[in-house]
Amino acid sequence: MSKAPAGPPESDRFDEVPHPRETLALFGHAAAERELLDAYRRNRLAQAWIIGGPEGIGKATLAWRFARFLLAHPDPSAPDAQAADTLAVPESHPAARRVATMALADIFLLRREWNEKTKKHFTEIRVDDVREITRAFHQGSGMGGWRVAIIDSADDLNRSAANALLKLIEEPPERSLFLLVAHQPGRILPTIRSRCRKLMLGALTQEETVAAVEALGPPWSEQGADIAAAAARAEGSVRETLRLLGGDAMAFDTTVGRLLQSLPRVDWLGVHMLADRLTGRDNEASYETFMRALERHLDARVKTLSQGGAPPARLIGYARAWDDIRSLARETEVFNFDKKAMVLGVFDRLAKAEAA
């Protein structure tokens, strides 16, 4: 199984898990796959697609799967393309090997790049990153005449980068395709959204999540019943399942959940202990587990309030709290603020929303 290559870490790779471009199997998105395949075979392929849905459900895997298929079948009218039932390409096919190793000149990847100065990834996709892709995109195409740009994820584009990408989408070379992976499509620049066909993917079932983890092979497939337990909490996200399988992440997730469930009463001693754990450069995995647990809690709480007939003001209060927390988390990441202060602020804001 492929592991992270030598060189800077990749922002769109989780730990040493196979990258989406190395992942040949796709679980749970047969309808979306069929939509792409049918559009291509009928020569009605939109120039730009937003592949949206929750994080870790296979959006990037589908994007790379489609790019691999175009590389293997550059003519949609050819008999082999017309006869295809899925976008699958055999591992032995040259297109699969070229995509896995990034040995290609016609598929371009736009993502958060590595900052050598800070030894961390940039917090956003910058305009310079888009300009570099634009220059390469306008050069001669490689095999088959297709140019494919995968943006993973479009949520990370800053405004200047988004405007630069918009110009490229509006004035592309012939036979160009843009696949925008988006965890929150609503955050994409409206002028970009208006030029894209939307393809929304749903969360995987628990069974599909388990199957996707097991398909990765050792060591991820060797954790037996723990995989099912993690998948039950992960809400259809393979990425979240893998995160929960690491170290004591399950126990930590339980601790975070207990503190959130006790709101509006705040166990400040427990919150301070939690915040202490998240402080430091080597605790990124714990911080990400905390943020995902927080998102699950807020999503479940809003659904409960809505189904229980809570007044609109209560729901608006929670929506505002969530916006405040997102802004606080974003500022903490961008400006490298103290995570302990951020965590304390999160519980204070949520307690006020719950007590309102």
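Tabulated data for the structure shown
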item	result
Computed accessible area, Thr279, all protein chains, 1.4 angstrom probe, square angstrom	60 Å²
Ala300/Glu170 FRET efficiency (R0 35 Å; Cβ-Cβ; nearest 0.05)	0.30
Folded to 0 to 90 degrees: helix 127-137 orientation relative to the chain principal axis, Cα	20 degrees
Extension gain, Phe337 back to Glu116 (0.36 nm per residue minus Cα-Cα distance, nm)	77.6 nm
Extension gain, Lys352 back to Arg320 (0.36 nm per residue minus Cα-Cα distance, nm)	10.4 nm
Size descriptor, Kirkwood hydrodynamic radius, that averages inverse alpha-carbon separations across the chain, Å	21.8 Å
Virtual spin-label span in nm between Arg159 and Ala78, 7 Å along Cα→Cβ	4.5 nm
Under the Karplus curve 6.51 cos²θ - 1.76 cosθ + 1.60, θ = phi - 60°, whole-Hz ³J(HN,Hα) for segment 206-218, x wherever Gly or Pro sits	4, 5, 5, 4, 4, 4, 5, 5, 5, 5, 6, x, x
The chain: angle of helix 30-41 to the longest principal axis, Cα-based, in degrees nearest 10	30 degrees
Amide H contacts of Asp106 (H built 1.01 Å from N, under 5 Å, at least 5 apart or other chain)	Gly142
Rounded if a/c under 1.5, otherwise prolate or oblate - segment 170-327, Cα gyration tensor axes	oblate
Given charges at beta-carbon only (K, R positive; D, E negative), |dipole| of segment 114-237 in Debye	700 debye
Simple spin-label estimate for Ala251 and Gln47 in nanometres, 7 Å along Cα-Cβ	5.5 nm
Antiparallel bridge percentage (DSSP; both residues within the chain; nearest 5)	10 percent
Value of D in µm² per second that Stokes-Einstein yields for segment 38-100, Kirkwood Rh from Cα pairs, at 4 °C (1.567 mPa s)	102 µm²/s
Per-residue ³J(HN,Hα) for segment 52-69, Karplus 6.51 cos²θ - 1.76 cosθ + 1.60, θ = phi - 60°, Hz, x for Gly and Pro	x, x, x, 5, x, 9, x, 5, 5, 4, 5, 4, 5, 4, 5, 4, 5, 5
10 Å binning of all Cα-Cα separations within segment 74-131, expressed as whole percents from 0 upward	17, 31, 26, 19, 6, 0
Among the listed pairs Lys120/Lys198; Lys120/Lys167; Lys303/Lys340; Lys117/Lys340; Lys59/Lys120, those beyond 26 Å (Cα-Cα)	Lys120/Lys198; Lys120/Lys167; Lys303/Lys340
Projected label distance in nm at Ser194 and Asp128, using a 7 Å step from Cα toward the beta-carbon	3.2 nm
Rounded, prolate or oblate (a/c below 1.5 giving rounded, otherwise prolate when a/b exceeds b/c) for segment 92-193 by Cα gyration tensor	oblate
Only Lys, Arg (+1) and Asp, Glu (-1) charged, at Cβ; the chain dipole about Cα centre in debye	960 debye
Cα gyration tensor category, rounded, prolate or oblate, for segment 244-340 with a/c compared to 1.5	prolate
Using alpha-carbon coordinates, inclination of helix 225-234 to the longest axis of the chain, degrees	80 degrees
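The values are calculated or read from the model by the stated rules, or taken from the named source; none is laboratory data. Please read all numbers here as calculations on a predicted model, not as lab measurements. FYI the Cβ positions are ideal-geometry reconstructions off the backbone, even for glycines, and counts take in every protein chain you see. Heavy atoms of the whole protein, side chains included, go into the accessibility calculation; ligands, DNA and RNA do not. Shrake-Rupley method; radii C 1.70, N 1.55, O 1.52, S 1.80 Å.
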